[in-house]
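Q: Okay, here's the structure, questions in a sec.
The values are calculated or read from the model by the stated rules, or taken from the named source; none is laboratory data. Only a predicted model underlies this, so the values are computations on that prediction, with no experimental measurement involved. Note: ideal-geometry Cβ built from the backbone for every residue, glycine included; neighbour counts use all protein chains shown.
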Amino acid sequence: MRVLYVGCCGFCVARQRYYSTFSAVELQDTFYNPPEPERLRTLASEAPQGFVFAMKAWQAVSHPLDSPTWKRAKAVPDKRLADRYGFLRPTKEVFEAWERVVEGAKALNARVVVIQTPPSFGYTEENFKNAVEFFSSATTASFVIGWEPRGTWLQNIDKVAEVVSRFKNLVHVVDPFKALPAVSNDVAYFRLHGIGEGEVNYRYRYADRDLQRLLETVREVLKKSREAYIMFNNVYMAQDAQRFKELAKAVRLM
């Protein structure tokens, strides 16, 4: 059976309303600060049966301490250890951060954990080696890891494929309006950041023709994947996700 999940990156409306509208959510606060297992356990318990959670991995795994994203963190690790955090470095500090992600994901019963690496973590031989070493230790049967590489990895899709194809529970996360997964997998995970010249255009409102194009892409993806996640991450995510869900239902993809 093929399953399509449509949702948003974050609760963009009141949670009870969200639960009644969408089938999945990707938590964003777990990126800025370490996941809190007790809070996530409570969140999982309030959701209706069949609702699916994904979450974004804590930035200590993916982003160096000089990344502007740390400005939104409640606390920042010791700056003297700056060369030990982020960029999937196979260090004690990164793996300890990952263990906190795993603990949170298990409490949430997350189906997918998204690791979004920054554009500054582009393709190099060193970064390729670090990614392989990190995922060799990080992959788990508890959930799927979705890696969303940015920057020059997008011009080196063959290298993305080389990393992803080594690990059973690792999938290549993409914005389908920019690229398709380098490797087909049982799970397809799309994050939609808006259409434009750059990697993101959060203020973009998807036109009907865009959603129709997305529908055709998803239809093809579901010929190879058993699950597909369509997660909107733009200003109009609630409206655009709802419109896409209605399109998918009309052609019986949901």
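Q: In segment 187-241, which residues are over 25 Å from Val144 (Cα atoms) and among the polar types (S, T, N, Q)? Explain how you work it out, then say what you get.
A: First pass over segment 187-241, keeping only residues over 25 Å from Val144 (Cα atoms): 195-198, 201-213, 235-236, 239-240.
Asn201, Gln212, Gln239 - these are the residues of segment 187-241 that are over 25 Å from Val144 (Cα atoms) and among the polar types (S, T, N, Q).
Q: Might you check whether a residue that is modelled with pLDDT of 95 or more, of a type in the set (Val, Ile, Thr) and part of a strand (DSSP E or B) occurs anywhere in segment 165-186?
A: yes
Q: Can you tell me which of (1) farther than 16 Å from Asn109 by Cα; (2) within 21 Å of the chain's Cα centre (by Cα) is the one Gln16 doesn't meet?
A: Of the numbered conditions (1) farther than 16 Å from Asn109 by Cα; (2) within 21 Å of the chain's Cα centre (by Cα), the odd one out for Gln16 is (2).
Q: Could you tell me how many of the residues in segment 90-128 are in a helix (DSSP H, G or I) and under 18 Å from Ala141 (Cα atoms)? Full working, then the answer.
A: In the first step, residues of segment 90-128 are kept if they are in a helix (DSSP H, G or I); the result is 92-108, 125-128.
Among the residues that remain, those that are also under 18 Å from Ala141 (Cα atoms) are: 95, 98-108.
Qualifying residue count for the region: 12.
Q: Among the numbered conditions (1) crowded, with 18+ Cβ neighbours inside 10 Å; (2) farther than 20 Å from Asn33 by Cβ, tell me where Ser120 comes up short.
A: It fails just one condition, (1).
Q: How many residues, within segment 163-186, are surrounded by fewer than 20 Cβ atoms within 10 Å (Cβ to Cβ) and aliphatic (A, V, I, L, M)?
A: Residues that pass the stated criteria total 3.
Q: Next up: Working only within segment 123-162, note down all residues that are modelled with pLDDT of 95 or more, over 14 Å from Leu88 (Cα atoms), surrounded by fewer than 16 Cβ atoms within 10 Å (Cβ to Cβ) and not polar (S, T, N, Q).
A: Scanning segment 123-162 gives Asp158, Ala161, Glu162.
Q: Does segment 196-220 hold any residues that are among the aliphatic types (A, V, I, L, M) and either more than 21 Å from Val25 (Cα to Cα) or touching a residue at least 40 places away in the same chain (Cβ under 8 Å) (or both), and which are they?
A: First pass over segment 196-220, keeping only residues among the aliphatic types (A, V, I, L, M): 200, 207, 211, 214-215, 218.
Across segment 196-220, the qualifying residues are Ala207, Val218.
Q: If you don't mind, another one. On the basis of being under 19 Å from His193 (Cβ atoms) and in contact (Cβ under 8 Å) with a residue 60 or more places away in the chain, does Tyr229 make the cut? Talk me through it step by step, then tell me what you get.
A: Details: under 19 Å from His193 (Cβ atoms): yes; in contact (Cβ under 8 Å) with a residue 60 or more places away in the chain: yes.
Against the criterion (under 19 Å from His193 (Cβ atoms) and in contact (Cβ under 8 Å) with a residue 60 or more places away in the chain), Tyr229 qualifies.
Q: Could you please give the count of residues in segment 232-254 that are part of a helix (DSSP H, G or I) and without any contact (Cβ under 8 Å) to a residue 60 or more places away in the chain? It would help to see each step written out before you state the result.
A: Let us first name the residues in segment 232-254 that are part of a helix (DSSP H, G or I), namely 237-250.
Filter once more, so that each one left must be without any contact (Cβ under 8 Å) to a residue 60 or more places away in the chain: 239-240, 243, 246-247, 249-250.
Number satisfying all stated conditions: 7.
Q: Could you tell me which numbered condition Phe232 fails, if it satisfies all but one of (1) out of contact with any helix residue (DSSP H, G or I) (no Cβ under 6 Å at 6 or more places or on another chain); (2) buried (at least 21 other Cβ atoms within 10 Å of the Cβ)?
A: All conditions pass for Phe232, except number (1).
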